[in-house]
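Every number here is computed from the coordinates shown, using simple stated rules; none is lab data. From a predicted model like this one, the values you see are computed outputs, not experimental measurements. Here the Cβ positions follow ideal geometry from the backbone for every residue, glycine too, while neighbour counts run over all protein chains shown.
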Amino acid sequence: MRSRAGLPPQAAEPDDAAGLSAGAAPLLALRDTGFQADGRAILQPLNLAIPPGRMLGVIGHNGSGKSTLGRILARQLAPTTGQVLLRGAPAERIGARQFAREVAYLPQHIPAAAGMTVEELVGLGRYPWLGAFRSPTEVDRDQVRHAMATTDVAGLATRLVDTLSGGERQRVWLAMLVAQQAHILVLDEPTSALDIRHQVDMLGLLRQLTRTQGVGVVIILHDIYMAGRYCDDIIALRQGSIVAAGNREQILTPATLQAIYDVEMDVMVHQASGDRVVCLRH
């Protein structure tokens, strides 16, 4: 491991992603992957593996490279160095529809869907399986209905998307990802506009997909507590580099959190749930 000054041992950047993917071949991987813009390194070359059946949380302060990492994983942004590998094959050699059958992406800023109903938008999740000319089958329609029910938006099916609240729109877009039936989900701050109940519902659903369907999930979060409660593994970015990687016991410690955020924090273990609760020291 390559240690960094001022970081505790478990917060050093791993040379590979073995600690996050032990026991399973990765669905998606980065190999020495980095990104530069206007001569500035936004994401330092890094290695990361996304295995099936696990939920990876990405934390770090604003501007640390989290969204850039998500966009590269979802092939929304081409890296300037290194490779993105999908099931061991270079992602750039895979057709757009085939890639969309494997990887679904929810951006931080959700696009407009003017004039579309909720059911129509969720139905777009079936496009990688249909193409431009084949009409939806009953199987496709069943999958759309199932996705809306799973994400608690079935009651909004006939509503226009642009009349919904921000939280409702995020749940509708998650329904579209569920309908897409991809094997990897990449989500950039999907809980930012949700109330606490729907945050719990969404994160619980994502974890359920990892357990029951073997989906690999990468989720960018600002809420350290939620990351610790729901994610199997966590990586922390700082100035475009991975500065900590491990499980919640390794990441949610006062020394590691201070190294990530430059803020003194205390971590307490909840007696009933075993959750790690983070609070500011001052």
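For segment 105-136, the list of chymotrypsin sites (Phe, Trp or Tyr not before Pro) that fall in a loop by DSSP and count at most 15 other C-beta atoms within 10 angstrom reads Phe133. All Cα-Cα separations within segment 213-282 were binned at 10 Å from zero, giving a P(r) of 19, 54, 24, 4, 0, each value a whole percent of the pairs.
Taking every Cα-Cα distance in segment 170-235 and sorting them into 10 Å bins starting at zero, the pair-distance distribution P(r) comes out as 20, 60, 20 percent.
Only the Cβ atoms of Lys and Arg (+1) and of Asp and Glu (-1) were treated as charged; on that basis the dipole of the chain about its Cα centre amounts to roughly 460 debye. Close amide H partners of Thr80, meaning residues 5 or more places away or on another chain with modelled amide H under 5 Å apart, are Gly34, Phe35, Gln36. Considering only Tyr225, Leu156, Ser64, and ranking their Cα positions along the charge dipole of segment 9-280 that arises from unit charges at the beta-carbon of Lys, Arg, Asp and Glu, the one farthest toward the positive end is Leu156. For segment 9-280, the alpha-carbon coordinates run over 55, 45, 38 Å along the three principal axes, in decreasing order. Other residues within the sphere of radius under 15 Å centred on the Cβ of Ile224, judged by their own Cβ, net out at -2 (K and R +1, D and E -1).
Considered as an equivalent ellipsoid built on the Cα gyration tensor, segment 60-136 has semi-axes of 26, 20, 8 Å, the largest given first.
Applying both filters, DSSP loop and at most 13 other Cβ atoms within 10 Å, to the trypsin sites (Lys or Arg not before Pro) of segment 180-263 eliminates every site. Antiparallel beta bridges, as assigned by DSSP with both residues in the chain, represent about 60 percent of the total such bridges.
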